[in-house]
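Please treat every number below as a calculation from the coordinates, not as lab data. None of the values given here were measured: they were computed from a predicted structure. Reconstructed Cβ throughout: ideal geometry from the backbone, glycine too, with neighbour counts over all protein chains shown.
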Amino acid sequence: MKTRNHLLSLTTLFFMVGILNYCTEPPKDRRIILENNLSTLAKRITYTNQVIEIDTSLQVDGMAKPSIHPVSLELIAEVDPPEIDGQPLQATDIYVRGDKVYVSYNMIGEPYLGAVDIFNARHEDDPDLKSSMLFTDSDVNGLTYKDNYLYLALATNRDEFDSPAVVEKVRIRRDQLTDETETFDVPSWAATDVEVADNHLFVTSGADSGHVTVIRLQNDEVVFSYPIEDARGVATDGDDVAVVAGTPARLVTFDYDSGEML
């Protein structure tokens, strides 16, 4: 039996409790550029509807053995990445909720540049780009969603924070991005990933002076901040929260409800 999947391609413990250093003023210096014009956004999408066969044969004693379950993918569409001053960005993370797909982007090396896209995948054969946001001062390295807000893991060159690693909270209205934002300071050089677990936001940051920062969403209070060198990613299965770190590679787990390290 052949399986076909649909594919949309995109070119010592430290404890701290307190209110985060954050900024809530609407951007006035074009650090955020919104694009919600559907006609403009549609120009970035090319529909291909191309079947891509995957070689699933196994190599046994130098001989290719056919796979029991052949797989093919169908490439529905290709999306041009966002550009800032002619510089194309690269995709860094993807979050799927229902029929909405959220994608983050950053810039390789200097300067700090980033973006977020929202796609509507209600009709899987005809996805469309609903909203886009450009950051002229920040890389966007990861994202997650909860209750009409996107939480973005950033590295920024803004000088009002203690370090380049920050989290930006962005309001979503009618499935479109807005410039209603709050920015929270977290330790280290770059926030690398974010995940919501119950009423807590877990933020990884690294590499040097890396941390996992746990924020209570109800009041934006820092519950814990654990030093974990080179913290790179965070995910939850609804029971526990796992953080992966590199150099050396290791896995650290946290309690889903309390946010405490297990």
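Neighbouring Cβ atoms within 10 Å as the yardstick, rank 186, 194 fewest first. If you can, show how the numbers build up before the last one.
On the way: 186 27, 194 31.
The most exposed by this proxy come first: 186, 194.
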Of (1) 31, 23, 19; (2) 29, 22, 18; (3) 32, 26, 17, the label for semi-axes √(5λ) of the Cα gyration tensor in Å derived from the coordinates: (3)
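Per DSSP H run of n ≥ 4, the term is -39500 (n - 2.57); total these for the chain, divide by its residue number, and report the mean residue ellipticity at 222 nm rounded to 500 deg cm²/dmol. List each step's numbers first, then the result.
Details: 1 runs with 5 residues, N = 262.
Roughly -500 deg cm²/dmol at 222 nm, from the helical runs in the chain.
Order these by the 10 Å Cβ neighbour count, fewest first: 261, 133.
With the sparsest Cβ surroundings first, the list reads 261, 133.
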Long-range amide H partners of residue 217 with built H, under 5 Å: 200, 201
Computed lengthening from residue 99 to residue 178, 0.36 nm per intervening residue step minus Cα-Cα distance: 26.5 nm
Burial ordering of 45, 33, fewest other beta-carbon atoms within 10 Å first: 33, 45
Whole-number Å³ per residue for the convex hull built on Cα positions in the stretch 193-262: 68
5 angstrom amide H check on residue 52, placed H, neighbours 5+ away: 73, 74, 75
GluC sites (Glu not before Pro) lying in DSSP loop within the stretch 108-209, provided at most 15 other Cβ fall within 10 Å: 124, 160
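What number, in percent, do you get for the relative contact order of the stretch 193-262 if the mean sequence gap of Cα pairs under 8 Å and at least 6 apart is divided by its residue count?
Details: 173 pairs, mean separation 17.7, N = 70.
Relative CO of the stretch 193-262 lands at 25 percent.
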Descending principal axes extents, the stretch 161-237, alpha-carbon based, whole Å: 39, 28, 21
Non-local Lys pairs in the chain, i.e. 8 or more apart or on different chains, that have alpha carbons under 22 Å apart: 10
Furthest towards positive pole of dipole, 114, 127, 102, structure part the stretch 81-132, Cβ charges: 102
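Can you give the local net charge around residue 247? Use residues other than it whose beta-carbon is closer than 11 angstrom to its beta-carbon, Lys and Arg +1, Asp and Glu -1. Walk me through the intermediate numbers first.
On the way: positive: 232, 250; negative: 208, 229, 230.
Here the charged neighbours net out to -1.
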